[in-house]
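Asker: My structure is below; once you've seen it, I'll send some questions.
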Amino acid sequence: MSTILAIETSCDETAAAVITGGRHIKSAVVASQIDLHAQYGGVFPELASRAHAEVISAVVAKALRQAALGYDALDAIAVTQGPGLVGSLLVGINFAKGLALMTGLPLLGINHLEGHIYSLWLTADFPEPDFPLLALIASGGHSELLLMRAHGRYQRLGGTIDDAAGEAFDKVGRTLGLPFPGGPAIERAARAGDASAYRFPIAKTAGSYDFSFSGLKTAVMRAVTVQPSARQKRRRGAERRAALRADISVSDVAAGFQAALTEALAQTTKRAAQDFGAKAVLLAGGVSANTALRQKLRQALPLPVYYPPLFLCTDNAAMIGAAAHWRLLAGQRSPLGLEARARWRLGEDG
Ligand code: KG4
Ligand code: ZN
């Protein structure tokens with residue numbers, strides 16, 4: 001049974017974890033930068049890499065301490081190689097390289113999206129599945145639909161052609177004056193709202209398995225803000241944020257937006273599952289924390305739909321360790337010269 005130390009620093013969480021057998025979490029530590037970035041309403045790349053550098057060594061030490069293991073008990077070091085913010089990725093990669101060099105352990109560079117998929121393997125009631133599986137990864141940076149034919153074998157069916165699903169949640173949340181990140185805040189607001197009060201458009205991407213959320217975002221923006229007159233725009237500067245209309249119900253708008261976005265994800269996922277004969281659907285990434293999305297997918301699909309527990313939906317290192325397990329078993333190793341891949345589509349080169 002393999003014991004893997006995994007490190008994840010692709011965005012705004014500095015995380016380390018120890019995973020055994022690809023399915024068991026011995027320890028999982030996440031140092032979140034949400035408070036740091038909340039004041040800017042989004043992730044600020046330079047601040048993110050500096051914050052990673054400040055805490056990485058303590059986060060890794062804590063993961064080993066919580067697992068009550070030393071380096072001699074490990075079989076490999078895994079690290080997120082991409083996609084993500086290059087400055088942030090480099091902090092984790094360089095730290096992992098240093099550890100691999102010091103200990104002589106094999107190094108494995110892992111795709112962050114593959115990590116999200118493998119968060120399911122850390123989920124208690126997830127059975128060893130039959131392939132092919134359909135994976136929907138919806139997060140702040142990605143919305144990808146992938147067919148998983150076997151461990152480590154993916155075919156990209158589609159993805160967003162503009163905003164990621166989580167990005168749309170975050171932008172609409174900001175328009176509505178809700179706290180960052182927008183996803184959980186919109187879900188909370190939507191609970192008290194009436195989704196039928198607003199009918200927002202669902203983009204049709206017929207003939208493909210792509211998503212598009214930018215039209216939906218603009219429709220929400222138009223419905224809830226007071227459009228400044230041409231004269232006001234000239235006077236105040238075009239970039240000035242439009243004011244929220246006084247007569248809207250934030251809860252109703254949140255509910256209407258959430259209904260439209262989750263419907264778009266569910267419809268396309270259902271079509272892909274049928275077209276490719278998927279045996280089950282895996283839902284992963286930050287947006288998979290959304291209860292409305294989970295319910296809608298379960299109702300729409302005549303197949304098992306699996307999703308991870310909340311702490312594994314958002315970025316963490318445990319999922320990177322779970323993905324690394326299968327690659328280690330298959331005899332894969334990354335060179336010590338491993339480089340960050342800021343853009344790296346899963347399913348393009350295996
Ligand atoms: O996977 P993740 O932690 O980071 C990325 O790799 O991007 O995802 C973060 C995203 C944010 O956009 C956040 O608004 C969204 O996931 N999110 C949610 C919920 N919880 C987090 N979106 C909708 N509903 C939620 N409950
Ligand atoms: Zn992520």
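The values are calculated or read from the model by the stated rules, or taken from the named source; none is laboratory data. Just so it is clear, the structure is predicted and the values come from calculations on it, not from any experiment. In this analysis, Cβ positions are derived from the backbone assuming ideal geometry, glycine residues included, and neighbour counts consider all displayed protein chains. We work out accessible area using only protein heavy atoms, side chains counted, and drop any ligands, DNA or RNA first. Shrake-Rupley method; radii C 1.70, N 1.55, O 1.52, S 1.80 Å.
Asker: For the stretch 47-84 and the stretch 106-132, what is the separation of their C-alpha centers, rounded to whole Å?
Answerer: Rounded to whole Å, the Cα centres lie 19 Å apart.
Asker: Now for a different question. Is there a quick way to get the dipole size of the stretch 66-213? I mean about its Cα centre, with the Cβ of Lys and Arg at +1 and of Asp and Glu at -1; what is the value in debye to the nearest 20? Numbers along the way, then the final one.
Answerer: Numbers: 10 positive and 14 negative charges, 73 e Å.
Dipole magnitude for the stretch 66-213 comes out near 360 debye.
Asker: Students often forget the sequence filter, so: which lysines lie under 23 Å Cα-Cα from LYS279 once same-chain residues fewer than 8 apart are removed?
Answerer: Leaving aside lysines fewer than 8 places away in the same chain, those within reach of LYS279 are LYS270, LYS296.
Asker: Out of PRO228, ALA168, THR218, whose Cα points farthest toward the positive end of the dipole of the stretch 131-307 (charges: +1 Lys, Arg; -1 Asp, Glu; placed on Cβ)?
Answerer: Selected residue: PRO228.
Asker: Any chance you could list the semi-axes, whole Å, largest first, of the equivalent ellipsoid that the Cα gyration tensor gives for the stretch 131-307, using √(5λ)?
Answerer: Details: eigenvalues 214, 54, 34 Å².
In descending order the semi-axes read 33, 16, 13 Å.
Asker: Once phi is turned into θ = phi - 60°, what whole-Hz ³J(HN,Hα) does the Karplus curve with 6.51, -1.76 and 1.60 give for every residue of the stretch 4-18, x standing for Gly and Pro?
Answerer: Result, rounded to whole Hz: 10, 8, 10, 10, 9, 9, 6, 9, 10, 10, 9, 9, 9, 7, 10.
Asker: Still on this structure: Keeping the other protein chains in place, figure out the carbon and sulfur percent of the accessible area of the chain, with a 1.4 Å probe. Each step should come with its number before you reach the end.
Answerer: Details: 7790 of 15150 Å².
Here it works out to 51 percent.
Asker: Of ILE137, SER196, LEU303, which is farthest towards the positive pole of the stretch 131-307's charge dipole, taken about the Cα centre with +1 and -1 on the beta-carbons of Lys, Arg and Asp, Glu respectively?
Answerer: Towards the positive end, the residue furthest out is SER196.
Asker: Follow-up question, since we're still on this one. Counting Lys and Arg as +1 and Asp and Glu as -1, each charge on the Cβ, what is the dipole of the stretch 1-104 about the Cα centre in debye, to the nearest 20?
Answerer: Values: 6 positive and 8 negative charges, 52 e Å.
Around 260 debye, computed over the stretch 1-104.
Asker: For the chain, what is the relative contact order in percent, using Cα pairs closer than 8 Å and at least 6 residues apart in sequence?
Answerer: Working: 767 pairs, mean separation 89.4, N = 350.
Relative contact order here is 26 percent.
Asker: Compute the separation of the alpha-carbon centres of the stretch 137-151 and the stretch 247-306 and state it in Å as a whole number.
Answerer: 14
Asker: Per-residue HN-Hα couplings for the stretch 137-144, Karplus 6.51 cos²θ - 1.76 cosθ + 1.60 at θ = phi - 60°, whole Hz, x for Gly and Pro?
Answerer: My calculation for the stretch 137-144 gives 9, 10, 9, x, x, 9, 9, 10 Hz in order.
Asker: Give the cross-link partners of LYS26 among the lysines, using a straight C-alpha distance below 28 Å as the criterion and excluding same-chain residues fewer than 8 apart.
Answerer: Partners found: LYS62, LYS97.
Asker: Only Lys, Arg, Asp and Glu count, each charged at its Cβ (+1, +1, -1, -1), so figure out the dipole size of the stretch 131-307 about its Cα centre, rounded to 20 debye.
Answerer: Values: 25 positive and 13 negative charges, 99 e Å.
Rounded to the nearest 20 debye, it is 480 debye.
Asker: Moving on. If you count only protein heavy atoms and use a 1.4 Å probe, how large is the accessible surface of CYS11, to the nearest 10 Å²?
Answerer: Number for this one is 40 Å².
Asker: Name the most mobile residue of ILE56, ILE248, ILE137, meaning the one with the largest mean-square fluctuation, in a Gaussian network model of the chain with Cα contacts below 10 Å.
Answerer: Sorting by GNM fluctuation, first place goes to ILE248.
Asker: GNM, the chain, Cα, under 10 Å: largest mean-square fluctuation among LEU136, LEU244, LEU176?
Answerer: Maximum fluctuation in the GNM of the chain, among the listed residues, is at LEU244.
Asker: Leaving out ligands and nucleic acids, note down the accessible area per residue over the chain with a 1.4 angstrom probe, in whole Å².
Answerer: Working: 15150 Å² over 350 residues.
Ligands and nucleic acids excluded, the result is 43 Å² per residue.
Asker: Show which aspartates and glutamates lie in cross-link reach of LYS171 when reach means a straight Cα distance below 18 angstrom and same-chain residues fewer than eight apart are skipped.
Answerer: The qualifying aspartates and glutamates are ASP12, ASP35, ASP162, ASP163, GLU187, GLU239, ASP252.
Asker: Then there is this: Among 185-196, 217-228, how do they line up from the highest to the lowest mean number of other beta-carbon atoms within 10 Å?
Answerer: On the way: 185-196: 18.0, 217-228: 15.9.
Result, highest mean first: 185-196, 217-228.
Asker: Now for a separate question. In percent, how large is the relative contact order of the stretch 131-307, given Cα pairs closer than 8 Å and 6 or more residues apart?
Answerer: 29
Asker: Could I get the Rg over Rh figure for the chain? Both from C-alpha atoms, Rh via Kirkwood, rounded to two places. All intermediate terms of the calculation are to be shown ahead of the outcome.
Answerer: Values: Rg = 20.8 Å, Rh = 20.9 Å.
With Rh from the inverse mean 1/r over Cα pairs, Rg/Rh is 1.00.
Asker: If each DSSP helix of 4+ residues adds -39,500 (n - 2.57) and the sum is divided by the residues in the chain, what number results at 222 nm, nearest 500 deg cm²/dmol? Intermediate values should be presented prior to the final figure.
Answerer: On the way: 12 runs with 145 residues, N = 350.
When only DSSP H runs of four or more count, the value is -13000 deg cm²/dmol.
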